[in-house]
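The values are calculated or read from the model by the stated rules, or taken from the named source; none is laboratory data. Remember, it's a predicted structure, so these values are computed and weren't measured experimentally. Heads up, the Cβs are rebuilt from the backbone with ideal geometry, glycines too, and the neighbour counts pull from every protein chain shown. Calculation scope for accessible area: heavy atoms of the full protein, side chains included, ligands and nucleic acids excluded. Shrake-Rupley method; radii C 1.70, N 1.55, O 1.52, S 1.80 Å.
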Amino acid sequence: MKRSIDRILTTHVGSLPRPADLLAVVRAKEEGKPVEEKAHAARLREAVAEVVRKQIDLGIDIVDDGEFGKPSFVSYVNERLGGFEADTEVPRQSPWAGSREAKSFPEFYGEGHVAARQNHMVCAAPVTYRGMAQLQTDIANLKAALDGAKPQEAFMPSISPTSAADWQRNGYYKTEEDYLFAIADALREEYEAIVKAGLLLQVDDPHLVTYWIKEPDLTLEQFRKWAQLRVEALNHALRAGAYCFEAANPRHEHEWKVWESAKLPAGKSLIPGVISHSTVLVEHPELVAERIVRYAKVVGCENVIAGADCGFATFAGSKEVHPSIVWAKFKSLAEGAQLASQQLWG
């Protein structure tokens, strides 16, 4: 993975707003309607090329396919992991319904705000990886989009064992640990294929931290014990080169101070979010630069790549942030990185 040797490099967290015609296909598949697969495949490849060019034009150095070939950052495992079948149990309640946030702000998290959790799949046999054909299509589309383009690097997101295990219910393995590591073994095939293709691998693991919010009765010690096993499963499946995390939203921005005492392992980089999906306000480039410089002064310029807090369309059709605002945020990210580079390298 390239490092910020003579300037701050920029990237983001994967999911980007999809074009309307791709969203129509996602909805059609969800509703069981027929889709003209050949025409969709051609349009998908074209759309990936468009979003790669958009990222480069806006000054993003490390680009991806926007996860255009997936219905979301996590539910795509429905099609790629074997050993699962339709879960016929009563739909599970949204995990946010009894969360720390819902208990703190019950008026906000009212009945109309927290939707019932949709049905997922249940594990009924040994977990296997059966999504190689779909993965290779995503890889081929991204590599075709990179032909003639000149980003610094390209990456492809993939889900973590922990978040996949949360999405799909265990109904086969004797213990949750066995289930977790079975998913890790299966997903390793996806991870290895992405790296073998010459792309950077980004592993999305939101459940590792949101579990604390969703389980309000846990003590901090209990949560850390739970998280330790999940980190071990992730390490079992890969070797990390950089750590990407939320650092721009108002709940987490102050946490840069952690790195004043925590030692960054040799050869690793930080990718702090310096723009956020949690607000529709476009961050000023000067503020972006300030956030970058904080980290650079603590862990070293070469160990920082400027990123985003999270994806901007984690599920196809997500409307939290309008596409025009997403692109404005990306422009501000690139401009802020330029300002930070001027301050740090002169």
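Table for the structure above
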read-out: Alpha carbon Rg of the chain, scaled by the compact-globule rule 2.2 N^0.38 Å; value: 0.99
read-out: Anchor K257: aspartates and glutamates whose Cα lies under 19 Å away (excluding residues fewer than 8 positions away in-chain); value: E246, E290, E302, D309
read-out: 5 angstrom amide H check on V203, placed H, neighbours 5+ away; value: S158
read-out: Ranked order, L234, L199 - accessible area, probe 1.4 Å, largest first; value: L234, L199
read-out: Per-residue HN-Hα couplings for the stretch 131-146 [Karplus 6.51, -1.76, 1.60; θ = phi - 60°; Hz; x = Gly/Pro]; value: x, 4, 5, 5, 4, 5, 5, 4, 5, 4, 5, 5, 5, 5, 5, 7
read-out: Centre separation in Å (Cα based) which lies between the stretch 25-95 and the stretch 324-346; value: 29 Å
read-out: Debye, to nearest 20: dipole size of the stretch 150-273, +1 on Lys, Arg Cβ, -1 on Asp, Glu Cβ; value: 280 debye
read-out: Area accessible to solvent at D217, 1.4 Å probe radius, in Å²; value: 130 Å²
read-out: Length added when fully stretched, A124-R27, from 0.36 nm per residue minus Cα-Cα; value: 32.2 nm
read-out: Test item: Cα-centred dipole of the stretch 244-346, Lys/Arg +1 and Asp/Glu -1 on Cβ, debye; value: 140 debye
read-out: Residues whose placed amide H lies under 5 Å from that of F84, excluding near-sequence neighbours; value: A124
read-out: Calculated from backbone phi, Karplus (6.51, -1.76, 1.60) coupling profile of the stretch 203-208 in Hz, x at Gly/Pro; value: 9, 8, 9, x, 5, 4
read-out: R224 paired with T137, simple spin-label distance in nm, labels 7 Å along Cα-to-beta-carbon; value: 4.6 nm
read-out: Accessible-area value, F105, 1.4 Å probe, nucleic acids and ligands omitted, Å²; value: 120 Å²
read-out: Integer Hz, Karplus 6.51/-1.76/1.60 couplings in order for the stretch 6-16, x for Gly and Pro; value: 10, 6, 6, 7, 10, 7, 8, 10, x, 5, 10
read-out: Amide H within-cut-off set for V274, under 5 Å, with H built and near neighbours excluded; value: G307, A308, D309
